[in-house]
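A short worksheet on the structure shown next.
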Amino acid sequence: MTALAVITRSWPMLGALGAGLVLAALAAGAGGATQVALAGLGIAALGWGVLSLRAGRALAPQSVLGACVGALLAAGGAVAAGATTGIPGGPLAAASVFIATVALSVALDLRRRRDRRTAAADARASAEAHPRLGLIGLAVGAALVSALATPALAATEAGELAVPHGEHGAHDPGHRH
């Protein structure tokens, strides 16, 4: 496994965490079946991201690839049909970028596994040989995810209703700092 592969190994899982957070925030502002679908996808993404990070590899890659493709097709169909009224486009696009990143990474991992049956053993050996590269990759990946997720979260209804930083409790619009 190359140094670049060691550095980027955690990125799909971090992308899943970003997607899960944005989808959960979108669900908080949605209603009906859309809310249930967004919440379900968000919870699934968060769960897979945490479990895969803990395992150090992408878990259930074929199932995840199918779920990602299905989610992207459903989101595209909903947008095309005009069924996303009330759902902000920016956060939905950010979640879609995260999902597409996970799908691409998992598809590449599946191809690599098919081409070399020993890819998992190679990945573990390389990660053990370069532990600092893995940590650097984790930090860079987290920064990239936060750069996309933070403005997406702020653009959701939950983000708009959040208490501003440095303030606790109810916001008094008449109070000036």
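Pairs please, first residue from region 77-95 and without any contact (Cβ under 8 Å) to a residue 12 or more places away in the chain, second anywhere and in a loop (DSSP other than H, G, I, E, B) and small (Gly, Ala, Ser), Cβ atoms under 7 Å, 6+ apart in sequence or on different chains.
Between residues of region 77-95 that are without any contact (Cβ under 8 Å) to a residue 12 or more places away in the chain and residues that are in a loop (DSSP other than H, G, I, E, B) and small (Gly, Ala, Ser), there is no close pair.
Of the numbered conditions (1) under 19 Å from ARG112 (Cα atoms); (2) out of contact with any Phe, Trp or Tyr (no Cβ under 7 Å at 6 or more places or on another chain), VAL64 fails exactly one; give the number of that condition.
(2)
Limited to region 39-60, what total is found for residues that are out of contact with any Ser or Thr (no Cβ under 6 Å at 6 or more places or on another chain), at pLDDT below 95 and open to solvent by less than 50 Å² (accessible area, probe 1.4 Å)?
Within region 39-60, residues that are out of contact with any Ser or Thr (no Cβ under 6 Å at 6 or more places or on another chain), at pLDDT below 95 and open to solvent by less than 50 Å² (accessible area, probe 1.4 Å) number 1.
Given the condition part of a helix (DSSP H, G or I), among the hydroxyl-bearing types (Ser, Thr, Tyr), more than 18 Å from VAL97 (Cα to Cα) and touching a residue at least 12 places away in the same chain (Cβ under 8 Å), answer yes or no: does some residue in region 5-25 qualify?
Keep residues of region 5-25 that are part of a helix (DSSP H, G or I), which gives 5-8, 11-25.
Next, from what is left, pick out any that are among the hydroxyl-bearing types (Ser, Thr, Tyr): 8.
Still in the list and also more than 18 Å from VAL97 (Cα to Cα): none.
Looking through region 5-25, none of the residues is part of a helix (DSSP H, G or I), among the hydroxyl-bearing types (Ser, Thr, Tyr), more than 18 Å from VAL97 (Cα to Cα) and touching a residue at least 12 places away in the same chain (Cβ under 8 Å).
Taking LEU46, is it part of a helix (DSSP H, G or I) and without any contact (Cβ under 8 Å) to a residue 40 or more places away in the chain? Explain how you work it out, then say what you get.
Working: part of a helix (DSSP H, G or I): yes; without any contact (Cβ under 8 Å) to a residue 40 or more places away in the chain: yes.
The answer is yes for LEU46.
Is there a residue being part of a helix (DSSP H, G or I), within 18 Å of ALA149 (Cα to Cα), in contact with a Ser or Thr (Cβ under 7 Å, 6 or more places away or on another chain) and open to solvent by 30 Å² or more (accessible area, probe 1.4 Å) anywhere in region 70-90?
yes
The values are calculated or read from the model by the stated rules, or taken from the named source; none is laboratory data. Keep in mind it's a predicted model, so treat the numbers as computed, not measured. Positions of Cβ are generated from backbone atoms using ideal geometry, with glycine treated the same way; all protein chains shown enter the neighbour counts. Keep in mind that these areas ignore ligands, DNA and RNA; they rest on the heavy atoms of the full protein, side chains included. Shrake-Rupley method; radii C 1.70, N 1.55, O 1.52, S 1.80 Å.
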